[in-house]
Amino acid sequence: MKGLRGGVQVEIVANLFVMTFAGIALVAVAMASLSARIVREDALERLRMGSRHLEAALEHGANRLDDLAALARATSPRIAGGEFRVLDASGRALLAESLDPRERGVLAPLVAAARQGEEAVEEGSLASGELAIATRIHTRSGEEGFLVGRYSGDSYRARLAPLLGAGAWVLFIATSVFVAFGAGLLRRRVVLPLAELSKGTRRLAAGDLGARLAPHGPDELAELARSFNRMAEALEADRGALAQAHEALARGRRLAGVGQLAAGVAHEVGNPVAAILGYAEMCQRDRGASERTRELAERI
């Protein structure tokens, strides 16, 4: 019973856990990828809304690029959807520190693309989650520049982390529930019937041919229990036939013993009788014997 529990049940439960975890993990990865895409699309839409909000300032009092740059610096990234900068026509950042080489390498192609149209979008990898949007703008005074908004990977991961955490908990809980349910079903439908079969075989090995199993569980295990019962019945019938054969053999041995005893008794009795008969016949034939001797020999 312990070997059965430690063998079949543990192995099947382990395989069930691996398969369930792998299946749910694939679903979780797909959901995480979908959530990441949704977060990126939402972040891009927020950047566009922030860009339109700042562009609207050009029509309501911001006559110069420097004024728009000051407004962009004063606007919180949470409100604008990201960090915005204003660049002049040459790509120089206004009212801000000069761009480092890495940032200039990222924004330069974006600004160049914005020169060809009204808007250009640069999307990083799905893992990094970084986004950048550049819009070509014109002030009422005739200045030309670019409004560049960036959505950092830290903000992306901060928004995605609760979703991934919830997905991890769902993965853990769903796996635990499925494995617990599967283990209970496995124990009731497979392990217990096999344990009863193991117990029945031990009873047969100990000589209890009256051991029988109640067929239950799946069809295969029920048929196995019925086969066990038929085997036990056949063994019990063979034992009965063997007992009868042993009894007949013992009876024959007893009769043979009685016959040998009778033959021995006849032999032991026959020899003295034969000798007596011989002597009596000799007495009858003896011419010198008296009449009394011959009479007694005749009687003998």
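The values are calculated or read from the model by the stated rules, or taken from the named source; none is laboratory data. Just so you know, these numbers come straight off a predicted model, no measurement behind them. A quick note on method: Cβ atoms are made from the backbone with ideal geometry, for glycine too, and the neighbour counts reach across all protein chains shown. All accessible areas refer to the heavy atoms of the entire protein, side chains included, with ligands and DNA or RNA removed. Shrake-Rupley method; radii C 1.70, N 1.55, O 1.52, S 1.80 Å.
Of all accessible surface on the chain at a 1.4 Å probe, what whole percent is carbon and sulfur?
61
If I take all pairs of Cα atoms in the chain, what percentage of them are more than 23 Å from each other?
Looking at the chain, the distances longer than 23 Å represent 76 percent of pairs.
Name the helices (complete DSSP H segments) of the chain with a Cα length along the long axis of 27 Å or more and a Kyte-Doolittle mean of at least 1.0, or state none.
153-186
Be a star and scan segment 184-216 for residues whose amide nitrogen sits under 12 Å from the point 7 Å along the Cα-to-Cβ vector of residue 239.
Correct set: 203-212.
For 41, 236, write out the residues from largest to smallest accessible area, computed with a 1.4 angstrom probe and no ligands counted.
The ranking, largest first, comes out as 41, 236.
Mean-square fluctuation check for the chain, GNM, Cα pairs under 10 Å: which of 72, 222, 256 is largest?
256
So how exposed is residue 202, as accessible area in Å² (1.4 Å probe, rounded to 10)?
Here the accessible area works out near 130 Å².
By how many nm would the segment from residue 154 to residue 275 lengthen if fully extended, with 0.36 nm per residue of separation less the alpha-carbon distance?
Residue separation times 0.36 nm, minus the Cα-Cα distance, leaves 30.3 nm.
Which FRET efficiency value, to the nearest 0.05, is calculated for residue 140 and residue 49 with the Förster distance at 30 angstrom and r the Cβ-Cβ distance?
Result of the calculation: an efficiency of 0.85.
As a test of reading the structure, rank 31, 231 by solvent-accessible area (1.4 Å probe, protein chains only), most first.
My answer, sorted largest first, is 31, 231.
As a test question: what accessible area, to the nearest 10 Å², does residue 107 have when a 1.4 Å probe is rolled over all protein chains in place?
Its heavy atoms expose roughly 10 Å² to the probe.
Rounded to whole Å and sorted largest first, list the principal axis extents of the Cα atoms in segment 27-84.
Between the extreme Cα coordinates on each principal axis of segment 27-84 lie 52, 17, 13 Å.
Tell me, in nm to one decimal, what length is gained between residue 250 and residue 90 on full extension, where the rule is 0.36 nm per residue of separation less the Cα-Cα distance?
So the extension gain works out to 45.4 nm.
Treat segment 122-242 as a sphere of radius equal to its Kirkwood radius over Cα pairs and apply Stokes-Einstein at 10 °C in a medium of 1.306 mPa s; give the translational diffusion coefficient in µm²/s, rounded to a whole number. Don't skip to the end; give the middle numbers.
Working: Rh = 21.3 Å.
In µm²/s, the coefficient rounds to 75.
Roll a 1.4 Å probe over the protein heavy atoms and report the accessible area of residue 176 in Å², nearest 10.
About 50 Å², ignoring ligands and nucleic acids.
Rounded to the nearest 500, what is the 222 nm mean residue ellipticity of the chain from helices alone, with -39500 (n - 2.57) per DSSP H run of 4+ residues and division by all residues? List each step's numbers first, then the result.
Working: 8 runs with 202 residues, N = 300.
That calculation yields -24000 deg cm²/dmol at 222 nm.
Within segment 179-195, list the residues whose amide N lies under 19 Å from a label point set 7 Å along Cα→Cβ of residue 226.
Only 190, 193-194 pass the distance filter.
Using the per-residue mean of other Cβ atoms lying within 10 Å as a proxy for protection, in what order, highest first, do the peptides 21-29, 267-275, 185-193 fall?
Output ranking for 21-29, 267-275, 185-193: 185-193, 21-29, 267-275.
Run the numbers for residue 262 and residue 108: contour at 0.36 nm per residue of separation, minus the present Cα-Cα distance, in nm.
Length difference between fully extended and current span is 42.5 nm.
What is the local net charge at residue 245, summed over the other residues whose Cβ is closer than 14 Å to its Cβ (Lys, Arg +1; Asp, Glu -1)?
+1
Please calculate how many Å² of accessible area the chain carries per residue, with a 1.4 Å probe and no DNA, RNA or ligand atoms counted.
Accessible area per residue: 64 Å².
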